[in-house]
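Okay, structure first, notes after.
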Amino acid sequence: MVLQQLGGSITRALQQMSNATIIDEKVLNECLNEITRALLQSDVQFKLVRDMQTNIKKIVNLDDLAAGHNKRNIIQKAIFNELCKILDPGKPAFAPKKGKPSVVMFVGLQGSGKTTTCTKYAFYHQKKGWKPALVCADTFRAGAFDQLKQNATKAKIPFYGSYMESDPVKIAVEGVERFKKENCDLIIVDTSGRHKQEAALFEEMRQVSEATKPDLVIFVMDSSIGQAAFDQAQAFKQSVAVGAVIITKMDGHAKGGGALSAVAATKSPVIFIGTGEHMDEFEIFDVKPFVSRLLGMGDWSGFMDK
Amino acid sequence: MFQSIAGKSNLEKADLEPALKALKDKLMTKNVAEEIAEKLCESVAASLEGKKLGSFTRISSTVRSIDILRDVHAAKEQGKPYVVVFVGVNGVGKSTNLAKVAYWLQQHNINVMMAACDTFRSGAVEQLRTHARRLQIPIFEKGYEKDPAIVAKEAIQEASRNGSDVVLVDTAGRMQDNEPLMRALAKLVYVNSPDLVLFVGEALVGNDGVDQLSKFNQKLADLSPSPNPRLIDGILLTKFDTIDDKVGAALSMVYISGSPVMFVGCGQSYTDLKKLNVKSIIRALLK
Ligand SMILES: Nc1nc2c(ncn2[C@@H]2O[C@H](COP(=O)(O)OP(=O)(O)OP(=O)(O)O)[C@@H](O)[C@H]2O)c(=O)[nH]1
Ligand SMILES: Nc1nc2c(ncn2[C@@H]2O[C@H](COP(=O)(O)OP(=O)(O)OP(=O)(O)O)[C@@H](O)[C@H]2O)c(=O)[nH]1
Ligand SMILES: [Mg+2]
Ligand SMILES: [Mg+2]
């Protein structure tokens, strides 16, 4: 997986520091610069990276470290904790329960992969014995209903939508009601792509959310996004109760740091990643093991601040 | 930003470093790819130290300019349709901006035809059909799971028959590392030798933008059976309305490919297509 490249660079930087005989300001700076560079090349938001660097320096005040202390360990621990702060919001996402009706609403920027991911999410649960259903509340994009319909048909998942109705709120409500009656336990609402610069689009999203009262709002983000990620994700979070993130297109070359910034902005965990255009190219994502793996693991487990 | 070094008569590398670091940081906050920001700073340093490096001049001098309207009329005089192929990774806005380009050409009294050569993604054909209907433009489509290279070929033949001036070919989104899909694209381009290969990239993209463009070019070269393969001619940069002042992708893409940004997409309706304003980009980058 691509994020591993980032892990590799970080581990290398730490290794180099470990090889140095004396750890002084220069060695620490070199190590931090390497890590900073790796994070920036992965599109982690610039400010997050800078703050992290400052925090680490503050924690690892070299002059204050008593002679007996193991500097290396203190530095590594500081780096680990700062990375965890970015990657791990500290609380798990709402987990729908099989057999109990839940409404899950998908939101995100244009073209991020919402419609594709809705089907993947439904298909994933269907295979585990759930009764999912798809509602197309995207009345804006050309061909949106056809896209969802064709995907749903392929996966044999019931769907609801309309070619005539232009009000997404109305369709969303009708669809959710219908599938609640049909005893579906996972009602998935797909919405149009939108961006923070257009207030009317955000207002529409707020209305769909208010009308359907989703148990979980999932923010879908493209792994290739750059420095705009944080601001956009934060704006979504401020309009609707984003509770989880899915990062798509992880089969590409992107290192995914922009999407990780979305985690920081929404304070919500990444729950799945998309790894291809096909229905089954979808993987569960667990933050803690990921962070550990990112850093070469093992020795890190003792560092977790609890 | 440059105050710290103002007033010195002789610049040395050590004097420059803090300022260059600040410049690089600033460029990166504006979403210029790390590698490109680094290169730009190197060439700034070199020129300030009195050395000459090729890279900075590249943007201004070697980016070719293309005049589509002129070229369309030239093709018309030769009695053949002018063919544009839209390529790029998934979801960047190829189909939507194809429709905007169609609308723009219509405004210049040019007869346009669309070719639905994304024969893979669910709803892709219906999406294009919807745009064609709204704009009252003929569309050539053969449904799904056909070889897009062949569909494009038939579309161009049809355009010659019905007297269309321009054929706009929509293609499926594909990741730059996906060899089979890139091979299929190289084939489509090789078989149809379009007049313009337009790379569609989104302004939202971060460091990956550089990789996308260079790999599309490289794969078009490597996977084509032709000894003189067609590469990317120009860039269409989409979603410019979603990035505030983080305009760096424009710089990264032009820098890495040497291709001009021919259009900028700045919204989701047909009129949201603009020309790149270089001055405002530079202003946003250095603000
Ligand atoms: N390679 C790859 N492509 C993906 C993945 N997820 C989605 N896509 C593709 O990305 C493109 C956009 O996906 P959509 O699902 O239409 O995105 P959307 O967010 O619904 O788009 P709008 O509704 O227009 O905002 C399509 O070509 C998908 O096939 C993924 O994990 N990997
Ligand atoms: N805000 C904004 N949205 C855009 C722009 N251009 C396209 N979009 C939106 O981006 C989404 C994806 O656009 P498409 O044209 O389907 O993208 P595509 O590259 O053809 O996608 P695939 O064929 O699935 O790879 C749609 O919701 C478009 O409305 C733009 O300039 N600004
Ligand atoms: Mg969609
Ligand atoms: Mg398309």
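The values are calculated or read from the model by the stated rules, or taken from the named source; none is laboratory data. Keep in mind it's a predicted model, so treat the numbers as computed, not measured. Here the Cβ positions follow ideal geometry from the backbone for every residue, glycine too, while neighbour counts run over all protein chains shown. Note: areas computed on protein heavy atoms with side chains; ligands, DNA, RNA excluded. Shrake-Rupley method; radii C 1.70, N 1.55, O 1.52, S 1.80 Å.
Six or more apart or on different chains, Cβ under 7 Å: which pairs go from a residue in the stretch B:217-244 that's more than 16 Å from ligand 2 (Cβ to nearest atom) to one that's modelled with pLDDT of 95 or more and charged (D, E, K, R)? Could you list them? As it stands, the answer is B:L223/B:R183, since those pairs meet every condition given. Taken across the stretch A:121-144, residues that are touching a His at 6+ places or on another chain (Cβ under 6 Å), within 16 Å of ligand 2 (Cβ to nearest atom) and under 22 Å from A:Q227 (Cα atoms) do not occur at all.
Under 6 Å between Cβ atoms, at least 6 apart or on separate chains: pull out the pairs that start in the stretch A:31-58 with a residue that is at positive phi and end on any residue that is part of a helix (DSSP H, G or I). The qualifying pairs are A:D43/A:G257; A:D43/A:G258. Take A:F106 and tell me if it is open to solvent by 30 Å² or more (accessible area, probe 1.4 Å), under 19 Å from A:V217 (Cβ atoms) and within 16 Å of ligand 3 (Cβ to nearest atom). When the stated conditions are applied, A:F106 does not pass them. Residue check: is B:K146 closer than 25 Å to B:R183 by Cα, at pLDDT below 95 and either more than 16 Å from ligand 3 (Cβ to nearest atom) or open to solvent by less than 60 Å² (accessible area, probe 1.4 Å) (or both)? So B:K146 fits the description; yes.
Yes/no matrix, rows are residues, columns are (1) touching a Cys at 6+ places or on another chain (Cβ under 7 Å); (2) of a type outside the set (A, V, I, L, M, F, W, C); (3) more than 14 Å from chain A (Cβ to nearest Cβ); (4) in a helix (DSSP H, G or I):
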position: B:Y103; (1), (2), (3), (4): no, yes, no, yes
position: B:M114; (1), (2), (3), (4): no, no, no, no
position: B:R121; (1), (2), (3), (4): no, yes, no, no
position: B:H131; (1), (2), (3), (4): no, yes, no, yes
position: B:K142; (1), (2), (3), (4): no, yes, yes, no
position: B:K146; (1), (2), (3), (4): no, yes, yes, no
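Among residues of the stretch A:150-195 being of a type in the set (A, V, I, L, M) and over 21 Å from A:F219 (Cα atoms), the one that is surrounded by the fewest Cβ atoms within 10 Å (Cβ to Cβ) is A:M164. Inside the stretch B:174-215, residues that are open to solvent by less than 50 Å² (accessible area, probe 1.4 Å), polar (S, T, N, Q) and facing chain A (nearest Cβ under 10 Å) make up a count of 3. Scanning the stretch A:149-177 for residues that are within 14 Å of another protein chain (Cβ to nearest Cβ), in a helix (DSSP H, G or I) and of a type in the set (V, I, T) yields a single hit, A:T153.
If you check A:A244, A:A235, A:A211, A:A264 for being surrounded by fewer than 24 Cβ atoms within 10 Å (Cβ to Cβ) and either within 14 Å of chain B (Cβ to nearest Cβ) or on the phi > 0 side of the Ramachandran plot (or both), only one passes: A:A235. The strands (runs of 3 or more DSSP E) located wholly in the stretch B:160-257 that include 3 or more residues which are within 12 Å of the chain's Cα centre (by Cα) occupy B:196-202, B:234-238. Considering A:R37, A:R12, the condition of being open to solvent by 60 Å² or more (accessible area, probe 1.4 Å) and closer than 13 Å to A:Q76 by Cα is satisfied by A:R12 alone.
Residues considered: A:N70, A:N33, A:N29. Of these, the only one that is more than 13 Å from chain B (Cβ to nearest Cβ) and farther than 30 Å from A:D190 by Cβ is A:N70. (1) in a loop (DSSP other than H, G, I, E, B); (2) within 13 Å of ligand 1 (Cβ to nearest atom); (3) closer than 30 Å to B:Y144 by Cα: which one isn't true of A:D146, the others all being true? Looking at each condition in turn, A:D146 falls short on (1).
Listed here are the residues, each with its yes/no results for (1) of a type outside the set (G, A, S); (2) touching a strand residue (DSSP E or B) at 6+ places or on another chain (Cβ under 7 Å).
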position	(1), (2)
B:P180	yes, no
B:A186	no, no
B:V191	yes, no
B:G201	no, yes
B:G209	no, yes
B:L213	yes, yes
B:N217	yes, no
B:G234	no, yes
B:F240	yes, yes
